[in-house]
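The values are calculated or read from the model by the stated rules, or taken from the named source; none is laboratory data. From a predicted model like this one, the values you see are computed outputs, not experimental measurements. Positions of Cβ are backbone-derived with ideal geometry, glycine not excepted, and every protein chain shown enters the neighbour counts. All accessible areas refer to the heavy atoms of the entire protein, side chains included, with ligands and DNA or RNA removed. Shrake-Rupley method; radii C 1.70, N 1.55, O 1.52, S 1.80 Å.
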Amino acid sequence: MSVMRQRWLGLRREVGPMLNLAVPVVVAEMSWVTMGTVDILMVRALGPSAIGAVGVGSMLFLALAVFGIGVLLGLDTVIAQSFGAGQRDECHRWFVHGVVMSVMLTIPLTLVAWVAIARLDLWGFDLTVLNLTEPYLRIVTWSVLPLLLYTAFRRYLQAMGVVKPTMVILLTANLVNVLANWMLIHGNLGAPALGVDGAGWATFISRSYLALGLLSVVVWRDARTDYGLRRVSWVIERSRLRQLLWLGLPAAMQVTLEVGVFSAASALAGRLAPVALAAHQITLNMASFTFMVPLGLASAAAVRVGHAVGRQDTYGANQAGWTAVMLGVFCMAFASAIFLLIPSRLMGLFTVDLTVVDLGVTLLFVAAIFQIFDGLQGVLTGALRGLGDTRTPMFLNLAGHWAFGLPLGYTICFVLGYGVVGLWIGLSAGLIVVSLLLLMVWSRRMTQLRENAFSRIVTEA
């Protein structure tokens, strides 16, 4: 049998397990983004300024909170590899340290958020947008702790292959969010009509529900299976916290750099007219929604690759990574086609303002161009995380997005005068560069892994 045929059969065998893990994670990720999209949909009646305020406020908060989320991504590597090696007690110990890390991160992140809100006027936002964004951000900041605890609970369950409960919790959290928005934005069922502030409180309520919901899953699952989590020691080891930071900080920087570049683009778009900002935020939400597919595949790839590494299965790690890449490219090609075929209908879901729709159609065309590359870099980042490599994606994001993409977008937008479309062209160029470089890195890592395994076999013989 030829080598190519063997590889193809290996990929086909991996598709089933990968999809069993990835599909619930993808649905969960889409449900996560849907919560932000619902906020925008439910304030659209308040006008472009409200849309811009909720969009910008959400992105600025996420740019900060995502650092804490990123640190906890280190749990993917240590728990998945421990689970693959059959060391269940180690999984529990890492869970304990993940919870402690969540609490530790909450205080500095909250303080930084309050300082940033006090300096929000320095960004040069349109005054109407600024007046709505400031109070919205103050409210959303209260959700830092439940958001980080939810992340720790999710990484623990997901790294051991338990993904369906997270999907269910996130789906029901959307219902909680819709109800809270409906009550607090417009003053239904006797609640006060808080407008944009109501969307902020709805976000806090739904994130608190996420944390409590997943905690109940962790407790119930351990009681039902008697896996020993209740008997695990809560003595904190500094060495474990250091290892979690060693893995998590680069992942945090990578995610922060990636989300931060879009937040920076949103801040720059806020210096333009409210119509341009509204079109930017709507398009960004749709692009974020489609990115949840490769993001979910990235989490599945981190788990599958991590399990293979834990059991010292070089072939399995290779197949898991390439299968995730193949699925990610296919799904994002479909998303790109949707953006190109029905852009006006998609924009019309968010606004009836024809000037916003027209500008958004142009932005969706640019977004369609980078969909495949965005998916590629997302999946490869997860696959590398399964290997324990969180630094390479960090450095490539810094170079591709911040040293190249954002300056290019700024130049085209403000210097050449192409407006918000110029920002998107720059962001697209940065994503393309990062994805191609990550593809080269992953290919080299797999070659090195195969060679090292072969060398070990020869030595043992």
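Annotations for the structure displayed:
- Site pair Asp358 and Glu134 shows an inter-label distance of 3.4 nm when each label is modelled 7 Å from Cα along Cα→Cβ.
- Highest mean packing comes first when the peptides 127-134, 196-203, 443-450 are listed by Cβ atoms within 10 Å, giving 196-203, 127-134, 443-450.
- With both labels modelled 7 Å from their Cα along Cα-to-Cβ, the Asn20 to Arg271 distance reads 5.2 nm.
- When peptides 372-383, 263-274 are sorted by average Cβ neighbour count within 10 Å, with the highest value leading, the order is 372-383, 263-274.
- J(HN,Hα) series, the range 408-425, from Karplus relation 6.51 cos²θ - 1.76 cosθ + 1.60, nearest Hz, glycine and proline x: 5, x, 4, 4, 5, 6, 9, 7, 7, x, 8, x, 5, 4, x, 4, 5, 5
- Positive-end ranking of Tyr418, Leu229, Ala199 along the dipole of the chain, with charges on Cβ about the Cα centre, is headed by Leu229.
- Remark: spin-label model distance Trp114-Asn188 equals 3.5 nm, labels positioned 7 Å along the Cα→Cβ axis.
- Solvent-accessible area per residue in the range 85-147 equals 46 Å², computed with a 1.4 angstrom probe and all protein chains kept.
- 0 to 90° range, to nearest 10: angle between helix 48-72 axis and the chain longest Cα axis: 20
- Percentage of interatomic Cα-Cα distances in the chain larger than 39 Å: 19
- Backbone N under 20 Å from the Leu127 label point (7 Å along Cα→Cβ), restricted to the range 54-73: 54
- For the range 315-384, the spherically averaged projection of the C-alpha convex hull amounts to 4.9 nm².
- Sequence of Met18, Met167 from largest to smallest accessible area, 1.4 Å probe: Met167, Met18
- Residues in the range 293-394 average 35 Å² of solvent-accessible surface per residue, probe 1.4 Å, ligands and nucleic acids excluded.
- With 0.36 nm allotted per residue and the present C-alpha distance subtracted, the Gln243-Leu175 stretch has 20.7 nm of extension available.
- All alpha carbon pair distances within the range 259-383 were sorted into 10 Å bins beginning at 0; the resulting P(r) in whole percents reads 14, 36, 28, 15, 7, 1.
- Three principal axis lengths of the range 161-267 [C-alpha, angstrom, descending]: 49, 41, 24
- Taken over the range 68-150, the alpha-carbon convex hull comes to 90 cubic angstrom per residue.
- Between Ala85 and Trp234, the contour length at 0.36 nm per residue exceeds the alpha carbon distance by 51.4 nm.
- The largest-to-smallest principal axis extents of the Cα set in the range 65-206 are 56, 37, 20 Å.
- Acute angle (nearest 10 degrees) that the helix 74-84 long axis makes with the longest principal axis of the chain, alpha-carbon atoms: 30
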